[in-house]
1. Restricting to the stretch 32-54, name every residue that is more than 15 Å from residue 86 (Cβ to Cβ) and crowded, with 21+ Cβ neighbours inside 10 Å.
2. So is residue 100 surrounded by fewer than 20 Cβ atoms within 10 Å (Cβ to Cβ) and either without any contact (Cβ under 8 Å) to a residue 12 or more places away in the chain or touching a helix residue (DSSP H, G or I) at 6+ places or on another chain (Cβ under 8 Å) (or both) or not?
3. Might you check whether a residue that is in contact with a helix residue (DSSP H, G or I) (Cβ under 9 Å, 6 or more places away or on another chain) and either part of a strand (DSSP E or B) or assigned by TED's automatic domain parsing to the domain that holds residue 41 (or both) occurs anywhere in the stretch 213-221?
């Protein structure tokens, strides 16, 4: 699909009219595609989009709940903004078909990879924020995350592995849980991250992924399996 046609089609689906369509174009451009063509890609937008999403959801939860503790609000927010929730949003948009990526990335399952799709959702949020401002971004987020928010309040969202591990370990008392990046390997468009989860100073699980978030989730998953909390 033509790059600009691809972007314009997605813009119509998102129902947001961009002043500068190049902002959205960057948001759906993966580093593997950009590196081959010397284009801008979406990693910096992902960083900003994560913060915008956290702020909007935090503001919503604060304004729409009464007498709830910080711990409860933090837990609900973590369910709403977790990688799996972002992935569900991406699937609803059929976002995978619009992401600009290299043939190599596509052949290895990039269009359905959780981390790539979740990161692209964050990048799109940032693109809307930069192009149209906070209020438009806020309306967009609340409209698109409405079902996710409802499910979070009803406890119908599957808790991500990191949250599940934290809750399981802390139910037995205070513990220190740290995720350390051990190393990363491979070219920028196909980089693998190796992470260990350290509990009370002891390395207790390791994980590998195509983003640090994915590797951390896999490290937590390995430890949960080892503890018999979940099964493959």
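The values are calculated or read from the model by the stated rules, or taken from the named source; none is laboratory data. Keep in mind that what you see is a predicted model, and the values were worked out from it rather than measured. Ideal geometry is used to build each Cβ from the backbone, glycine not excepted, and the neighbour counts take in all protein chains shown.
1. 32, 33, 41, listed by residue number.
2. Criteria not met by residue 100.
3. No, that holds for no residue.
To keep it simple, each residue is scored yes or no on (1) modelled with pLDDT under 95; (2) under 21 Å from residue 43 (Cβ atoms); (3) surrounded by 15 or more Cβ atoms within 10 Å (Cβ to Cβ).
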residue: 168; (1), (2), (3): yes, no, yes
residue: 174; (1), (2), (3): yes, no, no
residue: 178; (1), (2), (3): no, no, no
residue: 183; (1), (2), (3): no, yes, no
residue: 187; (1), (2), (3): yes, yes, no
residue: 194; (1), (2), (3): no, yes, yes
residue: 202; (1), (2), (3): yes, no, no
residue: 205; (1), (2), (3): yes, no, yes
